[in-house]
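To start, the structure under review is shown below, and the notes come after it.
Read-outs throughout are calculated quantities, based only on the coordinates presented, and are distinct from any laboratory measurement. Keep in mind that what you see is a predicted model, and the values were worked out from it rather than measured. All Cβ positions, even for glycine, are placed from backbone atoms using ideal geometry, and neighbour counts span all protein chains on display.
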Amino acid sequence: MAHSARRDSPELPDLSLLKRLARDQLIYLLEQLPGKKDLFIESDLMSPLDRIANVSTLKQHEVDKLYKVEHKPIVSISDQICFLIRPRIQTVKWICDVVNADKAAGKFRRYKIIFTPQKFYVCEAVLEEQGVFGDVTIDEWAFYLLPLDEDIISLELPEFFRDNFLAGDQRWVRTAASALHLLHSLFGPFSKVYGIGRCSKMTYESWREQVEQGEQKARHAEIGNVFLIDRDVDFITPLCSQVVYEGLVDDIFRIKCGCVEFGPEVTSSDKSLKVMLNSQDKVFNEIRNEHFSNVFGFLSQKARNLQTAYDKRRGMDIQQMKTFVSEELKGLKQEHRLLSLHISASESIMKKKTKQDFQELLKTEHCLLEGFEIRECISFIEEHINRQVSMIESLRLLCLLSVTENGLLPKDFKSLKAQYLQSYGADHLLTFSNLRQLGLLVEQQPGETLTVMESKVGKLVNDRTAGKLTDAFSSLAKKSHFRALSRKLNLVPKSDEEYDLRVPRDMAYIFSGAYVPLSCKIIEQVLERDGWTGLEEVTRLINGHEFAVTGADPKSKSDAQRIILVMFLGGCTFSEVSALRFLGKEKGYKFIVVTTAITNSSRLLEALLDNNV
Amino acid sequence: MMKSKADEEDYWNSSKYNAFTFDDADDELSALKETKKAVNSIGPLLAEDDEEDWERVSWSGEPVGSISWSVKEMAASNQRADKEPAFPKISTETPSLSKSQSGISLSSLFKGKPKGGNLQTFNDVLGDSSLRLYTPELRKPKSEYKDLVSDWSAEETVQRLQQGKGVTLEKFRSLQDKLLLLDLAVAAHDGNAITAVLIYLKRTLCKEVLFRELESRQTALRHFIHYLTESREQRLLLELLRALGRTEEAALLQYKDYKNIADENKRRDFLKSCLSLQFGGEDGNHVQDHYTLLERQIIIEAADRKAEREGKQEVFQKFPRKASILNMPLITTLYYCCFYHYNEPEGTFSSPLNVRQTFKISEKQYFTTALAARAKLKNWADVDAMFNSRNWLGFSKKKSPLSFQRVVDILQKNSAPTRVLQEYVGLVSDAELRIGLAQKHKCHDIVINTYRDMKDRQQLAEYRKKVERGSAEERKIDELLSNQQIRWKN
């Protein structure tokens, strides 16, 4: 990477501590149920658990057999059963069924439920209702934070997003605050906390209370500043197609808990391969933040270097060869393997993206972000729907249209919704209802955001059926918050300037130079100004709840002050992580991203479909 | 400001975005292929033990010994026992693999370098595996807390709820006390505590009073609605929504229940019963359409299943139905009708025209779907007929509600032969776009003619290199290039 990175970036604290802490706690809890026992694990806890412990760890603590929670009768014959679950009503109900079935069969066992990261009162209420309270012991495993990499920590709580922002249930607020509290006691004390969003504010409050109740030992801070941000402050960024390598891999192959499964099309064999993607993978580490167009060049350069390194062995004598084999060969082989893997992955990405007319899709996205040729974007989306191309993709474009334009014209909304339901099924009525509730896909309310004159023009235009005239006027009639924010913060660079993606000049490079992610721009601005002063208009447009508070007095201008913990409540994308890494390099910061879960457009929208509950 | 069309094209051709185009992927892809070949050809030294290393060293991501792996193993062995469908057994080459246990997982990934100062001591504490410092509560399971003291104040009670400690709520008996408790929980921003209080309120207050009080407490109300949703107390939830006058939500909630009805006739009847609900906006019409569609699908399905069984209609023999049409979206149904019932008179339920009429499908949508269906059948005559229109002089002219670029795309995705594609590529009005498509689909004549019309000698000469040597195309280019009559622009 060839940008003018500052050399004095501070060292990151060692996050692997969190893993050891979680593992030791789990072991402690398992020991609370002495003797042989079978362990039932909730399916979405398996990958996180795999990152901190393995089977032999569990076996050492007398776990006999492992099962996945499947909500059906169990086959275990052990007389002690331990359930490791998320605090969910349906899972607890299933456990009650298990216990009651045993009772009916006259079978006696000991049961233990370990809720992670915490228990909820509703779960206990279910146990009580079902008459098994007292028959089971309950514990909490405070496994809040899973480090996915040197600078990414995940709470692995994808449901945070839907529960908090759609249902308005604040059950995870305290969880987020406790996670922050843990980081504070391990790597704090923090000197400054900035934040924006309703949930951020509540999390801050809840955290502060916990700090007050606990005692903080005086120690040397390793993390100086914290930034809390709600996902609903910026829905635009996660709705955009990702084009930075790591984000692209996530969009296409879905990275789960820092691990990706490459199918046969990548491995060019009949089995698929699970691969850890993190900074330990030297090849990946160099391309993860690069715009996809640079990746090929990098990989071929790397291949040439590798060839040279291998070629060295020509003309070696036996002794030299021996040294070569023992010292270098293994590293080379490893690199060779990584290289062919990422080349194959890139190839597969290329093929997939070419097939789905990615170029046209990107063009539409960029037009929406810039706010021109909206009429053409709408007909592109319409055709997309008409052809029944990917249901999620169509929804993504509709939402992007709505959030950039501050809602759809009633006529467009009606027609696009009808066509969407025709193409993908009437049950998406529920999806639309959810999206409206969240403000992701709404009808423009005439008069609400428009001036009188503008709404008059808008009305005049609405009555016309001819599309062409509408096009000329509609940009006038729609003054959305995004447009205003975009102007205010300069989110969309002027399109007539050249943008060299090899030498990025700002965070816009993560979207091909077309858009600076709003979330990261806000963070940049606040850090630069050391607060919200001068950003009043921006916070008003975002609908506020911003804050900046000073806590412990920073003893000195230590490195810790340049280490910034950014906590995304409701999820963040790999593109945003890349953007922050870039910002860090430019300004001499190091960012540690804490997120409730890694998200992307598909996950965000899938959480809002109504096929569960 | 609006930008002109030309501006826009410039925009996309400007170097700014050109750095990355998936459309001209061919060159990049072939470069990548080269690289790949190169990488693969490197180093015969490693040929021998490569394969095993994949599994053994750091890679498989799910090393033997990982928890996911082990659970799958367990499921597989259970499957043998009770024959219930479980995960597929993953292939395991166990013997040579046992070494890999610690290969990938855990701390080896993030080697902890203890740093100076306090952290060091912290590590030492951890090393002693005494976690008690951080989790003092863990020593006794929470369930064993006995609340002997029941005189906690409302504030203390909420605080204990927040900390997950045992509480007794029974002493809060007056409405005032109950509401105080609720408001305190809301003020603490703790959803867990809010729901806990709500569960108590639900048990000890009659619906009317509870609903009334919740109406002015939006945060608590949302928690209550979520709680009822999660614990599947549909009836109470409907009552609540109706009491609050949120009839549209109530209607959707009731409608949603159709998903739990598997039998198609019962489902249809249920949908019919939903028609009287008070939906918001256009939703009532959408539900009506849903009902009408299912009703029609049931009729079509019965008729077609019979026809298929009797084997009298050729199309069902040649293209057996892959799945039933029941519960498919409208457009899928239309596609199905265009596929199996294209030429039926408009009066039948399965006639595409009738479907179009009933559901007010737009011309463009209808065209798109019919085109895809007829192309799938490789019925090029039908495809051709779709574009024909005659003007007042009786000349036929190809017209399409869809851009010809899109038409080509649809045809190509249904593997239309070049001969067919060529015709429609030629109808793309924008010259640049036409050339691009023609090159992509190897319609040489169109490329050549377009360059000729553009008088672009250089491009034509360039293109000569791409056609087969000694082919008719090459001869045609040569003729053009030596034609003195053309005034080339370059």
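Observations
- Computed on the stretch A:342-435, with alpha-carbon pairs under 8 angstrom and 6+ residues apart, the relative contact order is 24 percent.
- Lysine pair count for the stretch A:320-409 with Cα-Cα distance under 25 Å and sequence separation of 8 or more or different chains is 6.
- Residues of the stretch B:246-267 with amide N under 19 Å of the 7 Å Cα→Cβ point at B:A302: B:262-267
- Virtual spin-label span in nm between B:R235 and A:S269, 7 Å along Cα→Cβ: 5.9 nm
- Remark: A:D163, A:D530, A:D317 ranked as A:D317, A:D530, A:D163, counting other beta-carbon atoms within 10 Å and listing the fewest first.
- Mean per-residue shielding of peptide A:118-125 is 6, counting Cβ atoms of other chains within 10 Å of each Cβ.
- Ordering A:M567, A:M316 from the fewest to the most neighbouring beta carbons within 10 Å gives A:M316, A:M567.
- The relative contact order of the stretch B:161-318, computed from alpha carbon pairs under 8 Å that lie at least 6 residues apart in sequence, is 12 percent.
- Sequentially through the stretch B:261-273, phi angles give Karplus couplings (6.51, -1.76, 1.60; θ = phi - 60°) of 9, 7, 5, 5, 5, 5, 5, 4, 4, 5, 4, 4, 5 Hz, Gly and Pro residues having no value and appearing as x.
- Amide proton proximity set for A:I113, modelled H, under 5 Å, gap of 5+: A:F83, A:T137, A:I138, A:D139
- Trypsin sites (Lys or Arg not before Pro) within the stretch B:214-267, DSSP loop, no more than 12 other Cβ atoms inside 10 Å: B:R232
- Between the stretch A:306-382 and the stretch A:491-536, the alpha-carbon center distance in angstrom: 26 Å
- A:Q60-A:V325 FRET efficiency (beta carbon distance; Förster radius 45 Å; 0.05 resolution): 0.75
- In a DSSP loop and with at most 14 other Cβ atoms within 10 Å, the trypsin sites (Lys or Arg not before Pro) in the stretch A:71-178 are A:K107.
- For the residues of B:223-234, the average number of beta carbons from a partner chain within 10 Å of their own beta carbon is 4.
- One chain, two ends: B:E264 and B:K398. Fully extended at 0.36 nm per residue, the span grows by 44.0 nm beyond their Cα-Cα distance.
- Helical mean residue ellipticity (222 nm; -39500 (n - 2.57) per DSSP H run of 4+; nearest 500) of chain A: -15000 deg cm²/dmol
- When only Cα pairs below 8 angstrom with a gap of at least 6 residues are kept, the stretch A:248-352 shows a relative contact order of 29 percent.
- Length gained when the stretch A:I392-A:K36 is fully extended (0.36 nm per residue, less Cα-Cα span): 123.5 nm
- Listed pairs B:K259/B:K399; A:K19/A:K112; B:K360/B:K398; B:K397/B:K442; A:K488/A:K590 exceeding 32 Å between Cα atoms: B:K259/B:K399
- Inter-chain neighbour count for A:46-59: the average number of beta-carbon atoms from partner chains within 10 Å of each residue's beta-carbon is 6.
- With R₀ fixed at 35 Å, the C-beta to C-beta distance from A:M316 to A:R502 puts the FRET efficiency at about 0.45.
- Cβ crowding within 10 Å ranks A:T203, A:T533, B:T247 as A:T533, B:T247, A:T203, fewest other Cβ atoms first.
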